[in-house]
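See below for the structure under consideration.
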Amino acid sequence: MLSRVTDKFKQTLLLLSFLMLTNLTVSAEENRQACYHDCTNDYGNVLGKTKTGVTAYSNCNNECVIFEAASFDGIYTGVKWQCVEFARRWLLMNYGVVYKDVDYAIDIWGKIDHYLKIADKSQIPVRSYVNGSEQSPVPGDLLIYAKALLNTGHVAVVTNIDKQNNKLYIAEQNYSNKKWPGDYSRAVDYIIKDKRFWVLDEYLIGWKHAAFR
């Protein structure tokens with residue numbers, strides 16, 4: 001029992017340290033009541049899991065907001081079960097990095113210029129590529145959607161690219177809150193025209209890219 005308490009205390013300290021490090025701010029309003037009515041899937045239900053083992057959970061519907069912190073390995077990942085939380089947790093579990101906290105998903109586009117590597121606190125530069133760039137998205141990139149989508153924007157993770165069929169496979173939370181068809185939430189078409197890469201997804205601004213290797 002003492003060992004469990006000690007481990008829990010350590011996790012709490014790590015969580016609090018990360019919150020201070022990222023200067024957590026929340027300007028959205030909690031809407032807890034929306035989390036228990038008209039759910040596509042009940043709040044907290046598993047929607048799917050990526051090939052690398054990152055689980056996505058239902059947020060019931062897009063109006064649901066409960067200010068409960070999620071974490072992985074004692075590291076804060078975000079507010080349950082928002083799209084921003086999933087993207088940060090995916091990066092943490094796959095690359096050991098996170099981005100600082102943001103109020104809304106759209107803020108990732110303009111406010112995130114680096115990821116923080118948890119192991120040594122080093123910074124990994126992140127570049128922004130608008131939809132229609134010559135630089136194509138690759139697995140690990142974050143797709144960022146305009147504020148016009150749900151009035152908050154949206155973020156999804158590119159997990160695979162099918163170059164034969166011109167499709168991007170992405171993973172996300174709190175988009176449709178539907179069960180995934182496989183180890184991805186959606187497959188999105190793209191085209192290449194004049195050497196430029198266009199993802200055919202409404203409201204998409206572009207993608208954030210970091211050179212992990």
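Determine the pairs where a residue that is touching a residue at least 60 places away in the same chain (Cβ under 8 Å), located within region 66-81, has a partner that is part of a loop (DSSP other than H, G, I, E, B) with Cβ atoms under 6 Å apart, the partner being 6 or more residues away or on another chain.
Here the result reads 81/59; 81/173, each pair linking region 66-81 to a residue that is part of a loop (DSSP other than H, G, I, E, B).
Of the residues 184, 129, which single one is touching a strand residue (DSSP E or B) at 6+ places or on another chain (Cβ under 7 Å), in contact (Cβ under 8 Å) with a residue 60 or more places away in the chain, under 19 Å from residue 108 (Cβ atoms) and not aliphatic (A, V, I, L, M)?
Of 184, 129, the one residue that is touching a strand residue (DSSP E or B) at 6+ places or on another chain (Cβ under 7 Å), in contact (Cβ under 8 Å) with a residue 60 or more places away in the chain, under 19 Å from residue 108 (Cβ atoms) and not aliphatic (A, V, I, L, M) is 129.
Would you check if there is a residue in region 29-46 being basic (Lys, Arg) and surrounded by fewer than 15 Cβ atoms within 10 Å (Cβ to Cβ)?
Yes, that holds for at least one residue.
Looking only at region 168-213, count how many residues are surrounded by fewer than 18 Cβ atoms within 10 Å (Cβ to Cβ) and farther than 19 Å from residue 144 by Cβ.
Number satisfying all stated conditions: 12.
Name the single residue that is surrounded by the fewest Cβ atoms within 10 Å (Cβ to Cβ) among those in region 130-145 being of a type outside the set (S, T, N, Q) and farther than 23 Å from residue 173 by Cβ.
134
Within the bounds of region 54-64, is there any residue that is at pLDDT below 95, more than 27 Å from residue 112 (Cβ to Cβ) and polar (S, T, N, Q)?
The answer is no; no qualifying residue exists.
Of everything in region 151-167, what is farther than 14 Å from residue 51 by Cα and either polar (S, T, N, Q) or surrounded by fewer than 21 Cβ atoms within 10 Å (Cβ to Cβ) (or both)? Give them in sequence order.
151, 152, 162, 163, 164, 165, 166, 167 - these are the residues of region 151-167 that are farther than 14 Å from residue 51 by Cα and either polar (S, T, N, Q) or surrounded by fewer than 21 Cβ atoms within 10 Å (Cβ to Cβ) (or both).
Which of the residues that make up region 63-95 are buried (at least 17 other Cβ atoms within 10 Å of the Cβ), more than 21 Å from residue 141 (Cβ to Cβ) and charged (D, E, K, R)?
Matches in region 63-95: 80 only.
Which of the residues spanning region 110-166 are within 20 Å of residue 75 (Cα to Cα) and aromatic (Phe, Trp, Tyr)?
115 - this is the single residue of region 110-166 that is within 20 Å of residue 75 (Cα to Cα) and aromatic (Phe, Trp, Tyr).
Name the strands (runs of 3 or more DSSP E) wholly within region 141-184 that hold at least 2 residues that are closer than 20 Å to residue 60 by Cα?
Counting at least 2 such residues, we get 154-162, 167-171.
The values are calculated or read from the model by the stated rules, or taken from the named source; none is laboratory data. Quick caveat, the model's predicted, so the values are computed rather than measured. Using ideal geometry, Cβ is built from the backbone for each residue, glycine included, and neighbour counts are taken over all protein chains shown.
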